[in-house]
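Trainee: Below is one structure. I have some questions about it.
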Amino acid sequence: MASGSYLPDSPDSEVLRPPEKRLTPQAWLYENLFNSWLNSLLTLVSAALLVVVIGGLLNWAFTRARWGVIPANLKLFMSGTYPAEQTFRTWIVLGVMLALFGLSSGIWRGILLKYAYVLTVILGLLALVVPGSTAKLYLGIVAVVTIAGVALGWRRTGWQRWLLIAWLVSLPLTMLLLLGGGITGLRLVSTRQWSGLLLTFVLAVWAILLGFPLGVFLALGRSNRKLPVVRWVCTFTIELIRGIPLTVILFAASLLLPFFLAGARIDLVLRAMVGLTLFTGVYMAEDIRGGLQSIPGGQAEAARALGLNPFLVTFLVVLPQALRTSIPALIGSFLTMFKDTSLVFIIGLIDLLGAARAAFAQPEWLGTQAECLLFVGAIYAMICFAVSQASREVEKSLGLGER
């Protein structure tokens with residue numbers, strides 16, 4: 001038999017692979033763009049449209065756009081109405097997060113390491129262009145902290161468990177630092193003053209962190225055949241919340257949550273978190289349920305034959321495989337939630353998009369809607385692209401779609 005390559009799951013069988021087709025650039029252009037008169041016409045028309053659109057965009061960007069609105073309102077975009085004299089807290093939070101990210105990058109490497117380097121470069125470039133010596137100093141410090149974290153955590157695989165604990169502990173501690181008051185000895189900053197990208201991240205991170213276990217619980221409950229009452233309750237919850245628009249859920253959380261809690265005063269940001277968590281949880285539940293249904297029944301039967309109880313069968317055998325299968329859908333839900341935080345403006349909160357509206361509403365920056373919205377869109381796009389690429393790396397490392 002002719003030489004070939006071996007499949008990893010069948011080392012005793014030889015498989016012939018089709019020859020790779022190599023084309024010169026001219027041959028590729030002809031085969032894909034000009035292989036018929038219709039394709040040639042479509043190619044030329046598309047190229048003309050691209051030249052007109054891109055040329056017009058570049059002409060506007062370099063001649064008429066007023067990009068000064070971005071650096072002039074950078075604080076508004078990043079932390080919004082958070083008190084200026086207290087913004088050092090946001091820098092401390094950013095430094096802690098980037099230090100942990102740097103440690104994670106040094107320990108696990110891979111795409112995290114690439115992102116750490118890219119972040120350091122971006123922070124360095126921002127330090128050169130942003131106005132104000134204080135902002136330049138802070139940006140330089142957090143860039144150095146990121147690289148220091150990478151160096152400190154380099155190949156220290158024994159730190160993995162402790163680093164995960166540090167991530168979990170850091171989340172409530174950073175919230176406490178941002179809020180202040182109480183045992184911190186810092187000035188209390190009401191969450192009504194949290195806005196911009198800061199509020200967007202707070203809402204998205206907590207909605208995802210709280211929505212994920214809620215989604216797992218609802219998915220397991222809906223898939224349970226031995227407890228019909230639990231299955232009915234979970235099914236009703238999922239179908240009810242999934243059938244209501246997020247705007248209605250946010251309004252309901254804002255207006256009805258204090259009513260159901262006997263008129264207790266509940267923070268507006270907390271109300272938004274409740275609404276976003278419920279909305280995220282039900283969609284994650286359906287993503288996870290799809291993963292559960294993809295697991296053959298023989299897996300659970302084999303686990304029970306080994307003497308595992310139903311709890312261990314679910315959480316050690318079935319659920320890990322279901323979550324692995326559900327990664328693409330779950331990442332889609334994460335990204336959707338991150339972008340859906342822009343809807344909190346309907347209950348009076350100012351997220352990143354709301355900060356853009358506030359920026360171009362200023363008298364000196366009237367008419368800069370396009371510049372502000374493009375800047376905000378670029379932030380959303382970069383974050384979503386980074387998360388998506390990281391997800392693909394995780395899928396590749398787990399062999400998703402290959403075995």
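Trainee: Under a no-solvent Debye model with one identical scatterer per Cα of the range 277-403, what's log10 I(q)/I(0) at q = 0.11, 0.18, 0.21 Å⁻¹?
Mentor: -0.57, -1.01, -1.18
Trainee: Could you tell me the distance between the Cα centroids of the range 354-389 and the range 191-231, to the nearest Å?
Mentor: Result: 27 Å between the Cα centres.
Trainee: What Kirkwood radius, in Å to one decimal, follows from the Cα pairs of the range 108-189?
Mentor: So the Kirkwood estimate lands at 15.0 Å.
Trainee: Given a Förster radius of 35 Å and the C-beta distance between ILE244 and LEU186 as r, what FRET efficiency does 1/(1 + (r/R0)^6) yield to the nearest 0.05?
Mentor: That gives a FRET efficiency of 0.35.
Trainee: Would you mind telling me the share, in percent, of accessible area of the range 313-403 contributed by carbon and sulfur at probe 1.4 angstrom?
Mentor: Accessible surface attributable to carbon and sulfur in the range 313-403 totals 67 percent.
Trainee: Each label point is 7 Å from the Cα along the Cα-to-Cβ direction; what then is the distance between the points at LEU255 and PHE311, in nm?
Mentor: My value for the distance between the label points is 4.3 nm.
Trainee: Given H placed 1.01 Å from N in the peptide plane, which residues other than close sequence neighbours of ALA65 have an amide H under 5 Å from its amide H?
Mentor: Placed amide hydrogens put nothing under 5 Å from ALA65.
Trainee: While we're here: Tell me, what is the Rg over Rh of the range 224-352, with Rh the Kirkwood radius over Cα pairs?
Mentor: 1.08
Trainee: To continue, here is another question. Determine the calculated [θ] at 222 nm for the chain from helices alone, applying -39500 (n - 2.57) to every DSSP H run no shorter than 4 residues and normalising by the residue count; nearest 500 deg cm²/dmol.
Mentor: So the helix-based figure for the chain works out to -23000 deg cm²/dmol.
Trainee: Another one. From zero up to wherever the largest Cα-Cα distance of the chain sits, split into 10 Å bins and tell me the percent of pairs in each.
Mentor: The calculated distribution, bin by bin, is 4, 15, 24, 24, 19, 10, 3, 0.
Trainee: State which helices in the chain qualify, where a helix is a whole DSSP H run, it must extend 20 Å or more along its own axis by its Cα atoms, and its mean Kyte-Doolittle hydropathy must be at least -1.0.
Mentor: Qualifying helices: 37-59, 88-108, 111-129, 133-153, 160-179, 196-223, 228-242, 268-293, 319-340, 369-398.
Trainee: Averaged across orientations, what area in nm² does the convex hull of the alpha carbons in the range 234-293 project?
Mentor: 4.4
Trainee: Continuing with the same structure: Considering the alpha-carbon set of the range 331-403 alone, what are its Rg and its Dmax in angstrom?
Mentor: Rg and Dmax of the range 331-403, Cα atoms, are 16.8, 59 Å.
Trainee: Could I ask something else about it? Quick one: what does P(r) look like for the range 167-251 with 5 Å bins over all Cα pairs, in whole %?
Mentor: Binned Cα distances yield the sequence 3, 11, 14, 17, 14, 11, 12, 9, 6, 2, 0.
Trainee: Give the lysines reachable from LYS114 as a straight Cα distance under 29 Å; neighbours fewer than 8 places away on the same chain don't count.
Mentor: Qualifying lysines at Cα under 29 Å: LYS75, LYS136, LYS339, LYS396.
Trainee: Quick one: pull the percent of accessible area on the range 113-218 belonging to carbon and sulfur, 1.4 Å probe, ligands and nucleic acids left out.
Mentor: Within the range 113-218, the accessible surface is 77 percent carbon and sulfur.
Trainee: Enter the accessible area of ARG242 (Å², nearest 10), with the probe set to 1.4 Å and all protein chains included.
Mentor: Surface accessible to solvent at ARG242 totals approximately 80 Å².
Trainee: Moving on to the next point. How high is the relative contact order of the chain? Use alpha-carbon pairs under 8 Å, at least six apart in sequence, and give a whole percent.
Mentor: Taking the mean separation of contacting Cα pairs over the length of the chain, I get 17 percent.
Trainee: Now, a different point. Kirkwood Rh over Cα pairs of the range 84-130 into Stokes-Einstein at 4 °C, 1.567 mPa s: D in µm²/s?
Mentor: So the translational diffusion coefficient is about 111 µm²/s.
Trainee: Within the range 48-107, list the trypsin sites (Lys or Arg not before Pro) lying in a DSSP loop whose Cβ has at most 16 other Cβ atoms in a 10 Å radius.
Mentor: ARG66
Trainee: How do VAL142, VAL121 rank by accessible surface area computed with a 1.4 Å probe, from largest to smallest?
Mentor: The most accessible residue leads, giving VAL121, VAL142.
Trainee: Just to compare against my own numbers: the Cα pair-distance distribution for the range 54-134, 10 Å bins, whole % per bin, please.
Mentor: Going out from 0 Å in 10 Å bins, the range 54-134 shows 15, 33, 30, 20, 3 percent.
The values are calculated or read from the model by the stated rules, or taken from the named source; none is laboratory data. For clarity, every value in this text was computed on a predicted model and none was experimentally measured. Counting neighbours? That spans all protein chains shown, and the Cβs are built from the backbone with ideal geometry, glycine included. Ligands, DNA and RNA are stripped out before the accessible areas are found, and what is left, the full protein with its side chains, is counted by its heavy atoms. Shrake-Rupley method; radii C 1.70, N 1.55, O 1.52, S 1.80 Å.
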